[in-house]
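The values are calculated or read from the model by the stated rules, or taken from the named source; none is laboratory data. Keep in mind it's a predicted model, so treat the numbers as computed, not measured. FYI the Cβ positions are ideal-geometry reconstructions off the backbone, even for glycines, and counts take in every protein chain you see. Each accessible area value is taken on the protein alone, full model and side chains, heavy atoms only, with ligands, DNA and RNA left out. Shrake-Rupley method; radii C 1.70, N 1.55, O 1.52, S 1.80 Å.
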Amino acid sequence: MSSDEDDLDLNDDTTSQLDNATDDGDVMDIEDPLPSARSSPAPQQELMDTNTSHRQRLCLCISPDARICRSYDCVAAIHPNPIYSLAATRCYRWIFTGSDDGYVRKWDFFASMNGKLLLTQAQRHQHVESVSMAGVLSSWWEHEEHPEPVAKIEPVDSTGEESAGTQAVQGPLLEPKASPVYSMDVHAEALWMVLGCDNGSINLVTVRHEEGKCRNVLRHHKGPVSVLKITPSETGVISGSWDRTVAEWDLHTGTIVRSYQGHNSQIASVAFQPIYTPYVPTNTSKDTQDKSVLDTTDNPDSAQPTDPSLIWDQKNPDILLTTSVDGQCLLWDRREPSNDARKLGVPERTPPWCLSACWSTDGTKIYAGRRNGTVDEYDYASQKHIQTFRMPSNSGPVSYVSSMPNGKHLICASNDNVRLWDTSLDSAFTIRPGVEQEFVKPSKTPSVIPFIILPGHHGGVISHIYVDPTCQYMITTSGNRGWEGSSTNACLFYDISPVV
């Protein structure tokens, strides 16, 4: 195993990484001959007051332009390896990928975005010309599943005479073996992470110190753990498995505090509802607007944003969305453990299949990708189907969906391409309830194309799409997660530039 520096303080060296704006708050464009090598801020060490034990808090706010922009300019950056799972620290200092070869790889995100390492000719062969830079691999370790010790029965004879009873003692420990990394999630500051194994166990490993060392094993599931999601308080984790069960764990005790019963197929995704505050643009002066974004006093610990609408990644810990491969989308209220889940109905003539579902930025809508190349939009309050977005012909199943913070753009990943979809446009690709999919009524604007294609992935299943809290970067990975479908064996980093 290769490792980097041992004592790394993520709060100390990352606050300046996301600061690529000019003094007036606008995003700074840097000219570069290669689109895939756009300059990104390099990590720097923040100065700290040695007389205080408090660490400077990391404030991740998106640019106001990202909330009101019309579109996004996404440029491919790097190409790593085949991936089943993906995780990132909150500041995106470190990116973790897990693949079917049983290895967890740790990538230096900002060194990768700076574009100092080129792909080989063989690696560039299957990608577009803009994908020319390779990721910077920091370290890696083998992901091992630890079999449960086998108990054996031995006779008890304390008197030296005939056996008076039996007792269970621990048998020989079985050798651990490598397991595909079906799922993972990481602590916001990379103190620890959880990894899903093939045998149904969950490994809790340390990351910052003694990297990759397994500290505890959570055992409950009987099949591969396909989904892991750390709760917003980071004191628990939600796990979903191929055994059709969803469990909530208390990481303080390592026990299950609640089981979510209701799915009839393998669990595909889990997502908490976002906490949304509307952003209202104002025509105030530049100094006043900058102060409203970040108010800093003499105490660096009090540097917090005064405008909550610019904090995009806050989650509601009470509302949970779970999906399964058979198309079921269930809504759970964690405050009411005795109540059953609310179910989102599958539209008519829609195959029962779903690998990914996501919330809209304001938490009022839910989007679910389907096998027939469509994305269904639901209303959260009424659980009713609103409309359907149909991908072009022969696009293949929609394997992943993710919403953008301006409230109208949706990223849809199908077998042919990754598309940035404008849900506010009415076009021939929009299907309203009650309209037969085989006989779609022509739109008044048939020439309107509501999407743009993001270069990079082509001809494979997309396993994950991540957008960082500042909405400056996006990561997409390709892999079938152990299910059917081909893979391009690629992970791409994108640079997002709001177009106002």
- Task: Give the stretch 458-500 a look and list any residue that's open to solvent by less than 30 Å² (accessible area, probe 1.4 Å), at pLDDT below 85, under 20 Å from Gly98 (Cα atoms) and not hydrophobic (A, V, I, L, M, F, W, C), or say none.
- Result: Thr488
- Would the stretch 384-391 turn up any residue that is in contact with a helix residue (DSSP H, G or I) (Cβ under 9 Å, 6 or more places away or on another chain) and part of a strand (DSSP E or B)? yes
- Query: Where in the stretch 200-259 are there strands (runs of 3 or more DSSP E), lying fully within it, with 2 or more residues that are touching a Lys or Arg at 6+ places or on another chain (Cβ under 8 Å), within 17 Å of Pro176 (Cβ to Cβ) and open to solvent by 10 Å² or more (accessible area, probe 1.4 Å)?
  - Reply: 201-206
- If the Cβ limit is 6 Å and pairs must be 6+ apart or interchain, which residue in the stretch 369-381 that is in contact (Cβ under 8 Å) with a residue 12 or more places away in the chain and assigned to a strand (DSSP E or B) pairs with which residue that is among the hydrophobic types (A, V, I, L, M, F, W, C) and open to solvent by 10 Å² or more (accessible area, probe 1.4 Å)? Glu377/Ile386; Asp379/Ile386
- Item | Verdict on Gly345 being crowded, with 16+ Cβ neighbours inside 10 Å and in contact (Cβ under 8 Å) with a residue 40 or more places away in the chain | no
- What is the number of the single condition among (1) of a type in the set (A, V, I, L, M); (2) over 21 Å from Trp332 (Cα atoms); (3) surrounded by 15 or more Cβ atoms within 10 Å (Cβ to Cβ) that Ala178 does not meet? (3)
- Note on the structure: A careful count of residues in the stretch 144-202 that are at pLDDT below 65 and not hydrophobic (A, V, I, L, M, F, W, C) gives 16
- Residue that is modelled with the highest pLDDT [pool: residues in the stretch 67-87 that are crowded, with 24+ Cβ neighbours inside 10 Å and aliphatic (A, V, I, L, M)]: Ala87
- Message: Show the residue pairs meeting these rules: Cβ distance below 8 Å; 6+ apart or different chains; first residue within the stretch 207-220 and under 10 Å from His146 (Cβ atoms); second residue at pLDDT below 95 and open to solvent by 40 Å² or more (accessible area, probe 1.4 Å).
- Response: Cys214/Glu144; Cys214/His146; Val217/His146; Arg219/Glu148
- Task: Working carefully through the options Arg432, Arg370, find the one that is among the basic types (Lys, Arg) and more than 17 Å from Ala268 (Cα to Cα).
- Result: Arg432
